[in-house]
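J.: Shown below is the structure under consideration.
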Amino acid sequence: MPADSYVLSTLVMPAQTNHLGVLHGGHMLSWMDMAAWVVAARTVEPDQRVMFKAVNECVWSASLHAGEVCNVEARLAALGTTSLTIQMTATAEDPVKKTTWPVCQARFTMVAVGADGRPEPIRRSSLDS
């Protein structure tokens, strides 16, 4: 897979759902955060740290239930001086019925930081091919 994208797949378990059996939104945001970090970390030099900065937008179009698979795709959308914009797309899969559908889209901002935690210019990795 190219360095500027990553897919995280997770089976939704009952403990991750509410009383209606629907995935709690916080779990989705956590999975998106993990996927965004992988793309951002692959983009910068190995000795540079990246951290979550903001969810710029998060729009749900359907729900996920226990027993379904959540696939979160993260793609590098833009590269700024100190920040990276990661486009997130989540789909659901019913492995029994063999169906998939869109669930959620978001844009995350990740930022390169120095040892002091302050933003610093991104040093693009020469390994991200």
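J.: May I ask for the longest run of the chain untouched by trypsin sites (Lys or Arg not before Pro) that are loop-located per DSSP and have at most 11 neighbouring C-beta atoms (other than their own) within 10 Å?
T.: Counting at most 11 other Cβ atoms within 10 Å as exposed, the longest clean stretch of the chain is 1-96.
J.: In a GNM of the chain with a 10 Å cut-off on Cα contacts, which of 51, 88, 13 has the highest mean-square fluctuation?
T.: Its mean-square fluctuation being the largest, the pick is 13.
J.: Let me ask something additional. Kindly express, to the nearest 10 degrees and within the range 0 to 90, the angle between helix 25-43's C-alpha long axis and the longest C-alpha principal axis of the chain.
T.: Once rounded, the angle reads 30 degrees.
J.: Please report the Cα spread of region 34-81 along all three principal axes, rounded to whole Å, starting with the longest.
T.: Projected onto the principal axes, the Cα atoms of region 34-81 cover 39, 21, 15 Å.
J.: Within the P(r) computed for the chain, what percentage of the Cα pairs occupies the region above 23 Å? Spell out each step's value before the answer.
T.: Numbers: 2911 of 8256 pairs.
The answer is 35 percent, as a whole percent.
J.: Dipole magnitude of the chain about its Cα centre, charges +1 at Lys/Arg Cβ and -1 at Asp/Glu Cβ only, in debye to the nearest 20?
T.: Dipole magnitude for the chain comes out near 100 debye.
J.: I would also like to ask the following. What residue among 117, 25, 67 shows peak mean-square fluctuation when the chain is described by a Gaussian network model with Cα springs under 10 Å?
T.: Result: 117 has the largest fluctuation of those listed.
J.: Also: Would you look at the GNM of the chain, springs on alpha carbons closer than 10 Å, and say which of 63, 30, 83 moves the most?
T.: In this elastic network of the chain, the residue with the biggest mean-square fluctuation among 63, 30, 83 is 30.
J.: Using the 10 angstrom Cβ neighbour count as an exposure proxy, how do 59, 72, 113 rank, fewest first? Walk me through the numbers on the way to the answer.
T.: On the way: 59 8, 72 24, 113 16.
The most exposed by this proxy come first: 59, 113, 72.
J.: Got a sec? Which residues in region 74-96 would a label at residue 30 touch, if it sits 7 Å along Cα→Cβ and we count backbone N under 12 Å?
T.: none
J.: Roughly how many whole Å is it from the C-alpha centroid of region 14-32 to that of region 92-119?
T.: 14
Since every read-out is calculated from the coordinates, none of them should be taken as a lab result. Note that the structure is predicted; figures quoted are calculated from it, not measured. When we count neighbours, we look across all protein chains shown, and the Cβ atoms used for this are built from the backbone with ideal geometry, even at glycine.
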